[in-house]
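Read through the structure below, which is laid out as structure tokens, and then see the notes.
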Amino acid sequence: MSRYASTSDLASIAARLRSAAHVTILTHAKPDGDAAGSVLALARALRALGKHVDAFFTGAVEANLMSLALPGEVLLAPAVVPSLTTDLVVVVDTGAWSQVEPLHDFLRAMAGRVIGLDHHARGDDIAGDRVVDVSLASATQLVVKLIDELGVPLVAPGATAKFSIAEAVFTGLATDTGWFRFQNADAAVYALAARLLALGVDKIALYQRLEENWRPTRLGMMARALSSLTFHQDGAVALMRISLQDLAETGASSEDLGGFVNMPLAIGSVTMSIVLTEAEPNLTKASFRSKPSLGEVPTIDVNAFAARFGGGGHVHAAGAKFKLPFDQARLEVERELMRLTPVV
């Protein structure tokens, strides 16, 4: 696999998009706020330029995130299959084949017409022309730079910020920084947030739509997840497990699980949190989170840890998949935890 890095620049990508009549925009399966915000922001910008745009979310999508989109604004794959007649495909917030499995055939058929916009350190050659900037906290930061290159206003003249490009960008910026709590919320993040707020983005209303709009079943599933909590590495690592039986008995679904992996980080001794979720009888998904280093307390690079299982992401947020039964996946993770060496 070749080194995952930029092979193009935003000016060149903007030129390709200007010349295209029909653009398809995709992101990783089960999109989070940054993925959804990136798709919506770019789709709205290209539609403002008169382009025909097919914007897709793939897999399970939280109802809270769907509230960001207007009716008919996004399509759901794989129930709807992207058209091979599109001029260009833009893949945002990922460059990993493992995260776009339902669309493998489509993307391989579109080779040479795929553009990538990403801020992750690991990825594959899905996109021949791509811009990768790991210094950015969110993919929407990269998307807004491209939109500025295209010359599209973030809020249309005379319009409100709700359902605007600006709101979509703010969604990715806020959610990928833990609503500005994480270490990646640097000066550039706050500068962009200030720009978006000045355009009228209502951060309180947006927070309520995304973070305080869950179903009652979420609390039942939260209790079940916390009851499975175990500690490893002398209390430095917390592990929770969510089985198909848990989901069935609580009436919850995968859409109710957003943010669960962050809960054990509230414990002072915990520097890494892991949630294993049984997606299918022979498929387990893992989410990894870690705290930044403070003083003599070491941190854990969860991007490197996830890479042991073929996954990846960022230093403090990553994921992986195991094509294994639930208990076997747990044993694999616990074995690697025995070998784990935190880094300062």
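Within region 154-171, none of the residues are farther than 20 Å from residue 55 by Cβ, of a type in the set (D, E, K, R) and outside the structural domain of residue 290 (by TED's automatic domain parsing).
Of the candidates 41, 55, 20, the single residue that is modelled with pLDDT of 95 or more, in contact with a helix residue (DSSP H, G or I) (Cβ under 6 Å, 6 or more places away or on another chain) and within 14 Å of residue 88 (Cβ to Cβ) is 55.
Residue 288 meets each of the listed conditions (1) over 30 Å from residue 135 (Cα atoms); (2) of a type in the set (A, V, I, L, M, F, W, C); (3) assigned to a strand (DSSP E or B) apart from (1). Which one is nearest to residue 21 (Cα to Cα), of the residues in region 89-99 that are of a type outside the set (Asp, Glu) and buried (at least 22 other Cβ atoms within 10 Å of the Cβ)? Ranking the qualifying residues of region 89-99, first place goes to 89. Test residue 299 against the criterion of being surrounded by 15 or more Cβ atoms within 10 Å (Cβ to Cβ) and polar (S, T, N, Q), and give yes or no. Answer is yes for this residue.
Those helices (runs of 4 or more DSSP H) of region 125-236 in which 2 or more residues are of a type in the set (A, V, I, L, M) and exposed (fewer than 15 other Cβ atoms within 10 Å of the Cβ) occupy 187-198, 203-211, 217-227.
Pairing each residue of region 1-19 that is more than 14 Å from residue 45 (Cβ to Cβ) and of a type in the set (Val, Ile, Thr) with any residue that is modelled with pLDDT of 95 or more and not in a helix (DSSP H, G or I), provided the two are 6+ apart or on different chains, yields C-beta distances under 9 Å for 7/116; 7/127; 7/129; 7/130; 7/131; 7/132. Among the residues examined, residue 280 qualifies as charged (D, E, K, R) and out of contact with any Asp or Glu (no Cβ under 6 Å at 6 or more places or on another chain).
The values are calculated or read from the model by the stated rules, or taken from the named source; none is laboratory data. Keep in mind the model is a prediction, meaning the values are calculated, not measured. All Cβ positions, even for glycine, are placed from backbone atoms using ideal geometry, and neighbour counts span all protein chains on display.
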